[in-house]
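Structure first, commentary second.
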Amino acid sequence: MGAAVHGFAQGTALVPASPEPAQPAAAASAGHGIPQSAQSLGGEGGFVTNSMVVTWVVALGLIVFAQSATRNMKRIPAGAQNFWEWLVESLHDFLEGIIGPELVKKTFWLFATIFIFILATNWFGLIPGVGTIGWGEQGAHGFEVTRPLLRGGNADLNMTSAMSMVFMVFWFIWAIQANGVGGFLGHLFGAKGESTGVLRVLMVIIFFLVGFLEIFSISFRPISLSFRLFGNIYAGENMLDAMSNLVPSLSWLLPVPFYFMELLVGVVQALVFTLLTAVFTMLICMHDEGDGKAHAQH
Amino acid sequence: MFMPMLAELSGNLHVGLAALGGALGVGLIGMKASEAVGRNPGASTKILVQSILAIAFAEAIVFYALFLVK
């Protein structure tokens with residue numbers, strides 16, 4: 001997996017590998033920006049990368065914080081317990097309004113975890129020192145860090161694709177649980193809408209062919225989910241890096257507005273990932289209209 | 001004058017064009033979704049779901065261009 005993703009990133013050059021030498025010296029000092037793949041700690045070929053370290057730190061921090069906040073549960077919450085209850089409750093209400101009360105009971109744990117974890121990872125990557133502390137060498141313009149100790153967790157394609165693949169597995173499980181194998185295939189290939197006679201035959205053929213398009217577009221979902229998150233966070237890190245190297249005398253001021261924008265991007269991307277996964281699950285778990293009405297009457 | 005310029009073009013032009021179209025599509029969806037929420041704030045959740053889905057489909061074009069066209 002890691003090798004394949006790495007190979008892709010090398011192959012199609014989303015970002016120019018090396019700037020043209022014609023650029024001014026100030027921009028050239030920015031060098032190549034941030035490398036596309038996470039670097040391993042402890043030399044070449046090491047297993048543990050700097051993105052993995054950030055992932056573990058964030059996950060451990062969230063677990064410890066949540067456990068310590070809910071150790072002594074109070075009737076009237078205050079402080080940390082109040083914060084977690086507010087976060088989980090507002091997430092629950094928000095998702096309930098979108099995917100419905102029945103599905104949210106079953107799937108809330110995954111979507112809430114995804115949201116909180118992505119948000120925490122994105123914001124952790126903005127703490128000064130992440131990406132700037134590490135090993136490096138003495139360059140023409142002073143010391144340059146080439147192998148940072150920490151790197152934003154979602155600025156690594158392996159992390160985002162792992163998350164979207166875990167989601168796709170649960171998407172499939174939930175789809176089968178909701179509708180059964182026949183219902184799942186019916187969802188993909190079955191004809192929708194009311195029609196009779198010749199039109200009906202035509203509709204069945206068309207919807208059968210549309211089913212293949214559906215499968216094609218579903219199989220691209222994990223790719224677009226992971227690339228959307230990776231692209232936004234990686235580009236943000238690269239932009240902050242470029243802004244702090246653009247004009248050396250103003251490097252204390254130039255990145256500041258972009259830090260605020262990255263705070264916003266962190267929330268928006270966490271929300272988009274959560275919403276998209278939730279809506280995809282809702283779409284495949286939806287029962288037919290007639291079933292839903294019959295269900296409500298019982 | 002123009003034709004030699006076109007002939008000089010190289011690189012992943014298809015990805016650039018797909019990104020241009022995808023960005024325009026996302027912008028149009030966002031514009032119309034905001035208008036719709038402005039007209040009917042009560043339906044904002046339904047509009048949000050529809051627009052998020054449509055944006056996902058518009059963005060997927062860029063990934064098709066990235067992976068399928070060589």
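The values are calculated or read from the model by the stated rules, or taken from the named source; none is laboratory data. Since this is a predicted model, take the numbers as computed values, not measurements. Here Cβ is always computed from backbone atoms with ideal geometry, including for glycine, and neighbour counts include all displayed protein chains. Each accessible area value is taken on the protein alone, full model and side chains, heavy atoms only, with ligands, DNA and RNA left out. Shrake-Rupley method; radii C 1.70, N 1.55, O 1.52, S 1.80 Å.
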Run down B:60, B:19, B:36 and say which single residue is touching a Ser or Thr at 6+ places or on another chain (Cβ under 7 Å) and in a helix (DSSP H, G or I).
-> B:60
Does the stretch B:39-47 include one or more residues that are part of a loop (DSSP other than H, G, I, E, B) and under 30 Å from residue A:97 (Cβ atoms)?
-> yes
Write out, first by first residue and then by second, each pair whose Cβ atoms fall under 6 Å of each other, whose residues are 6+ apart or on separate chains, and whose first residue, in the stretch A:267-281, is modelled with pLDDT under 95 while the second is open to solvent by 10 Å² or more (accessible area, probe 1.4 Å) and among the acidic types (Asp, Glu).
-> none
With respect to residue B:61, determine if the residue is touching a residue at least 40 places away in the same chain (Cβ under 8 Å), within 11 Å of chain A (Cβ to nearest Cβ) and under 25 Å from residue A:281 (Cα atoms).
-> yes
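Residue by residue through the stretch A:128-144, note down the ones that are outside any loop (DSSP other than H, G, I, E, B), open to solvent by less than 100 Å² (accessible area, probe 1.4 Å) and modelled with pLDDT of 85 or more.
Taking the stretch A:128-144 and keeping what is outside any loop (DSSP other than H, G, I, E, B), we get A:134-139, A:142-144.
Next, from what is left, pick out any that are open to solvent by less than 100 Å² (accessible area, probe 1.4 Å): A:134, A:136, A:139, A:142, A:144.
Matches in the stretch A:128-144: A:134 only.
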If we keep just the residues of the stretch A:233-256 that are crowded, with 16+ Cβ neighbours inside 10 Å and among the polar types (S, T, N, Q), which is farthest from the chain's Cα centre (by Cα)?
-> A:245
If a residue has to be at positive phi and open to solvent by less than 50 Å² (accessible area, probe 1.4 Å) to count, how many in the stretch A:177-202 make the cut?
-> 1
All positions within the stretch A:92-111 that are open to solvent by 10 Å² or more (accessible area, probe 1.4 Å) and under 24 Å from residue A:159 (Cβ atoms) = A:108, A:109, A:110
Residue list for the stretch A:65-82, filter: more than 13 Å from residue A:112 (Cβ to Cβ), assigned to a helix (DSSP H, G or I), of a type outside the set (Ser, Thr, Tyr) and open to solvent by less than 90 Å² (accessible area, probe 1.4 Å) = A:65, A:69, A:79, A:80, A:81, A:82
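Would you check which residues across the stretch B:38-53 are more than 11 Å from every other protein chain (Cβ to nearest Cβ) and buried (at least 16 other Cβ atoms within 10 Å of the Cβ) and list them?
Going through the stretch B:38-53, the residues more than 11 Å from every other protein chain (Cβ to nearest Cβ) turn out to be B:38-43, B:47.
The answer is B:47, and nothing else.
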Among the residues of the stretch B:22-33, write down those that are within 12 Å of chain A (Cβ to nearest Cβ) and either among the aliphatic types (A, V, I, L, M) or not in a helix (DSSP H, G or I) (or both).
-> B:26
Check residue A:287 against each of (1) at pLDDT 90 or above; (2) closer than 23 Å to residue A:110 by Cβ; (3) away from chain B (no Cβ under 14 Å) and name the one condition it does not meet.
-> (1)
